[in-house]
Number of protein chains: 2
Amino acid sequence: MTLPTSVRIREVGAREGFQTLQTVVSTAQKLELIAALSETGVREIEITAMVRADKVPQMSDAEEVIRQFVRKPGVRYTALYLNPRGFVRAEETNRLDNEGWLYGAVSETFLKKNANVSVAESIQAIPEWLTAFASRGKKPQGLMLSTAFGCNYEGSFPDSKVLQVIRSSIEKVEQAGSQLPEVCLADTMGRATPEMLKRLVGAVRAQFPSLYVSLHLHDTRGSGMANVYAGLEMGVDCFDTSVGGMGGCPFAKGAAGNVCSEDVAYLCEEMGIATNVNLDAYCRAARLAERIVGTPLPGKLYKSCT
Amino acid sequence: MTLPTSVRIREVGAREGFQTLQTVVSTAQKLELIAALSETGVREIEITAMVRADKVPQMSDAEEVIRQFVRKPGVRYTALYLNPRGFVRAEETNRLDNEGWLYGAVSETFLKKNANVSVAESIQAIPEWLTAFASRGKKPQGLMLSTAFGCNYEGSFPDSKVLQVIRSSIEKVEQAGSQLPEVCLADTMGRATPEMLKRLVGAVRAQFPSLYVSLHLHDTRGSGMANVYAGLEMGVDCFDTSVGGMGGCPFAKGAAGNVCSEDVAYLCEEMGIATNVNLDAYCRAARLAERIVGTPLPGKLYKSCT
């Protein structure tokens, strides 16, 4: 096991961090946070989500955010989408750098709640995704696989079940004459442990040697940073993270954010792993996020003396 | 590297968690938390500290807490002390299960602030410690070594400097015809990284093969749980932890608590490592601690659905 020499941080705080808030965050505040994040050196920022405004009111200004954010050269700005319609909606803004990401999950219950489809339906829909990507001249980049480490509704999954969803997705992409370069294993409910993570990452690589594995980790039960380190030990060099660890709501039972961007970056940098981010600038962005949210965020570094 | 099969949790929240609070916690509230912790299955609880009331007002009721707490069979109750006088003061209550712990540090600046002695003086004082232990029929158990992973005042230390403090302490104990069984490496300022921790634990064991190594970790910069996992990977099976991750003050710059007891226990149990604690009971104790402190604590598990 060798640590990577550099790590890519994909910042999702402006999307994932805001989406579950009870209080309304103004478009101006979102733009201010995106601007602050643009100054951190991070190269990928997910700025909003193409989801139904009646389901996620916090994202009802998605097009407005996309229209108004100020682009920093060298930074990729993206929006989340959960179906081909959302991808096209994002593309129609002509202001984003979205890649072709499929969205799926291992948990039937969660996928039904989150994207209103079954696992089989989500795989059957892959040709429709690919058509949407092609209509914008894009190739499939990856599969965002939610609940890869288990689910509060359905418990833990055997690795074989996770591998089967990945295998079916790859086959469906290949049947359409294309390739799937990446899978992002998402610990949506924060149920992973370091040992489980190492085992699953190892199993995915053993089965699909050409597949690039990235991680999207939540800190619901306090194991998030241990899981980041386990990922690093496996050589994983790409993590979705959230400024200040925002996400979920500190007062809502069961909700918790992604692992904290600047805490992950600090961990990496202190171990000699380059992240390209400026920790001071990231801590400033976290303090801004705290002011916007109005309550201390889970992140530690921005509250420390560093 | 093999994970341990079981882990000892030494609960320090009732001492370390309260000592830096700005608000006064009543003796009754402290006793209530100690009682809740006694129901978790944890076998070692540090309940207060024998320190100067003018320096740490929160600990001015130490003797009162010791006099009143209700003992649960099978649980060891201890108090922190930083000098032989404190040890004797604790012993004179005749209600504690203290072992003979030496207190030291690697950082001159920190040790001066915390215990008002130099590193050399702390080592020179070891015969005095041993005399105090012997006066109560106790042998030396360990050296609590603060700032083993660096210090905000002095930066990082080479492993050789840490090893030298341990070596000098061991020699001093042995010159008095006794043995030092344990060193607890304390990351007082939360500066450790998993790689640094593995390297130092490995170096200590290589130099002192018969010395038992335990860990006291803080989560100041978000690396605490990654460091716990790194310790487990090194086979470390004893950690000082704090209920709810309490300690420091969420609104005080630079202060942060120990790694969170129930989050550490959850991490261990989910990986098949026995801790003897009941997670539900620990989460109840954390929620009680939150009510006493009056603000959300850093711990994650007690806020999750689990």
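The values are calculated or read from the model by the stated rules, or taken from the named source; none is laboratory data. Quick caveat, the model's predicted, so the values are computed rather than measured. Every residue, glycine as well, gets a Cβ built from its backbone with ideal geometry; the counts of neighbours run over all protein chains shown. All accessible areas refer to the heavy atoms of the entire protein, side chains included, with ligands and DNA or RNA removed. Shrake-Rupley method; radii C 1.70, N 1.55, O 1.52, S 1.80 Å.
For segment A:262-281, a tally of residues being at the interface with chain B (Cβ under 10 Å from one of its Cβ atoms) and not aliphatic (A, V, I, L, M) returns 7.
Among residues of segment B:70-94 that are in contact (Cβ under 8 Å) with a residue 12 or more places away in the chain and in a strand (DSSP E or B), those with a beta-carbon under 7 Å from a residue that is crowded, with 20+ Cβ neighbours inside 10 Å and small (G, A, S) at least six positions away or on a different chain give the pairs B:A79/B:A49; B:A79/B:A62; B:A79/B:A90; B:L80/B:A49; B:Y81/B:A90. Filtered by the rule that a residue be in a helix (DSSP H, G or I), farther than 14 Å from B:G257 by Cβ and not hydrophobic (A, V, I, L, M, F, W, C), segment B:12-40 gives B:T27, B:Q29, B:K30, B:E32, B:S38.
Scanning segment B:33-55 for residues that are basic (K, R) and out of contact with any Lys or Arg (no Cβ under 7 Å at 6 or more places or on another chain) turns up B:R52, B:K55. Going through (1) among the acidic types (D, E); (2) open to solvent by 50 Å² or more (accessible area, probe 1.4 Å); (3) touching a His at 6+ places or on another chain (Cβ under 8 Å) one by one, A:D187 falls short only on (2).
Within segment B:125-157, the set of residues being part of a helix (DSSP H, G or I) and free of Cβ contacts under 8 Å to residues at least 12 places away in the same chain comprises just one member, B:A134.
Pairs meeting the criteria (first residue in segment B:282-298 and within 13 Å of another protein chain (Cβ to nearest Cβ), second residue among the charged types (D, E, K, R), beta carbons under 7 Å, at least 6 apart or on different chains) are B:Y282/B:E262; B:C283/B:E262; B:A286/B:E262; B:P296/B:E290; B:L297/B:E290; B:P298/B:D219.
Close Cβ contacts (under 6 Å, 6 or more residues apart or on different chains) running from residues in segment B:178-206 that are of a type outside the set (S, T, N, Q) to residues that are modelled with pLDDT under 95 and open to solvent by 20 Å² or more (accessible area, probe 1.4 Å) comprise B:M189/B:N152; B:G190/B:A256.
Identify all residues within segment B:288-306 that are surrounded by fewer than 17 Cβ atoms within 10 Å (Cβ to Cβ) and either touching a Leu at 6+ places or on another chain (Cβ under 9 Å) or under 24 Å from A:S304 (Cβ atoms) (or both); write none if there are none.
Hits for segment B:288-306 are B:G294, B:T295, B:P296.
A residue that is more than 26 Å from B:E39 (Cα to Cα), of a type in the set (S, T, N, Q), crowded, with 20+ Cβ neighbours inside 10 Å and in contact with a Gly (Cβ under 6 Å, 6 or more places away or on another chain) occurs nowhere in segment B:137-146.
Table: residues versus (1) closer than 26 Å to B:A226 by Cα; (2) of a type in the set (K, R); (3) within 14 Å of another protein chain (Cβ to nearest Cβ).
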{"residue": "A:S169", "(1), (2), (3)": "no, no, no"}
{"residue": "A:V173", "(1), (2), (3)": "no, no, no"}
{"residue": "A:S178", "(1), (2), (3)": "no, no, no"}
{"residue": "A:V183", "(1), (2), (3)": "yes, no, no"}
{"residue": "A:A186", "(1), (2), (3)": "yes, no, no"}
{"residue": "A:R191", "(1), (2), (3)": "yes, yes, yes"}
{"residue": "A:A206", "(1), (2), (3)": "yes, no, no"}
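Each residue in segment B:41-56 was checked for being closer than 30 Å to B:G235 by Cβ, of a type outside the set (G, A, S) and assigned to a loop (DSSP other than H, G, I, E, B), and 2 of them qualify.
Within segment A:26-43, residues that are free of Cβ contacts under 8 Å to residues at least 24 places away in the same chain and closer than 18 Å to A:S60 by Cβ sit with their Cβ atoms under 9 Å from residues that are open to solvent by less than 30 Å² (accessible area, probe 1.4 Å) and among the β-branched types (V, I, T), at 6+ positions apart or across chains, in these pairs: A:S26/A:I292. Considering only residues in segment B:209-234 that are part of a loop (DSSP other than H, G, I, E, B) and in contact with a helix residue (DSSP H, G or I) (Cβ under 9 Å, 6 or more places away or on another chain), the one that is nearest to the other protein chains (Cβ to nearest Cβ) turns out to be B:G222. Out of segment A:95-111, which residues are touching a Phe, Trp or Tyr at 6+ places or on another chain (Cβ under 7 Å), open to solvent by 20 Å² or more (accessible area, probe 1.4 Å) and part of a loop (DSSP other than H, G, I, E, B)? Matches in segment A:95-111: A:L96, A:D97. Report whether or not A:S168 is of a type in the set (S, T, Y) and either in contact with a strand residue (DSSP E or B) (Cβ under 7 Å, 6 or more places away or on another chain) or not in a helix (DSSP H, G or I) (or both). Here the answer is no, as A:S168 does not meet what is asked. In segment B:209-232, the residues that are closer than 16 Å to B:V12 by Cβ reach residues that are of a type in the set (S, T, N, Q) with C-beta atoms within less than 6 angstrom, at least six apart or across chains, in these pairs: B:L217/B:N227; B:H218/B:N258; B:T220/A:S304.
Being of a type in the set (A, V, I, L, M), in contact with an Asp or Glu (Cβ under 9 Å, 6 or more places away or on another chain) and open to solvent by 10 Å² or more (accessible area, probe 1.4 Å) is a property that A:M225 has.
In this entry, A:G86 is excluded by the filter for residues that are open to solvent by less than 40 Å² (accessible area, probe 1.4 Å) and farther than 22 Å from A:E64 by Cα.
Evaluate segment A:104-125: report whether one residue or more is touching a Leu at 6+ places or on another chain (Cβ under 8 Å), at pLDDT 95 or above and within 21 Å of A:A256 (Cβ to Cβ). Walk me through it before giving the result.
Going residue by residue through segment A:104-125, those that are touching a Leu at 6+ places or on another chain (Cβ under 8 Å) are A:104-106, A:114-115, A:117-119, A:122.
Right, trim to at pLDDT 95 or above and you get A:104-106, A:118-119, A:122.
When the remaining residues are screened for being within 21 Å of A:A256 (Cβ to Cβ), the result is A:105-106.
Taking every residue of segment A:104-125 in turn, at least one turns out to be touching a Leu at 6+ places or on another chain (Cβ under 8 Å), at pLDDT 95 or above and within 21 Å of A:A256 (Cβ to Cβ).
For every residue, the table says whether it meets (1) open to solvent by 10 Å² or more (accessible area, probe 1.4 Å); (2) of a type in the set (A, V, I, L, M, F, W, C); (3) in contact with a Cys (Cβ under 7 Å, 6 or more places away or on another chain); (4) closer than 23 Å to B:L145 by Cα.
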{"position": "B:E11", "(1), (2), (3), (4)": "no, no, no, yes"}
{"position": "B:Q22", "(1), (2), (3), (4)": "yes, no, yes, no"}
{"position": "B:E32", "(1), (2), (3), (4)": "yes, no, no, no"}
{"position": "B:A49", "(1), (2), (3), (4)": "no, yes, no, yes"}
{"position": "B:D61", "(1), (2), (3), (4)": "yes, no, no, no"}
{"position": "B:I66", "(1), (2), (3), (4)": "no, yes, no, no"}
{"position": "B:L80", "(1), (2), (3), (4)": "yes, yes, no, yes"}
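Among the residues of segment B:255-272, which ones are among the charged types (D, E, K, R) and surrounded by fewer than 24 Cβ atoms within 10 Å (Cβ to Cβ)? Listed by number, the residues that qualify are B:E269, B:E270. Checked against (1) open to solvent by less than 70 Å² (accessible area, probe 1.4 Å); (2) out of contact with any Asp or Glu (no Cβ under 8 Å at 6 or more places or on another chain); (3) free of Cβ contacts under 8 Å to residues at least 40 places away in the same chain, A:E121 passes all but condition (1).
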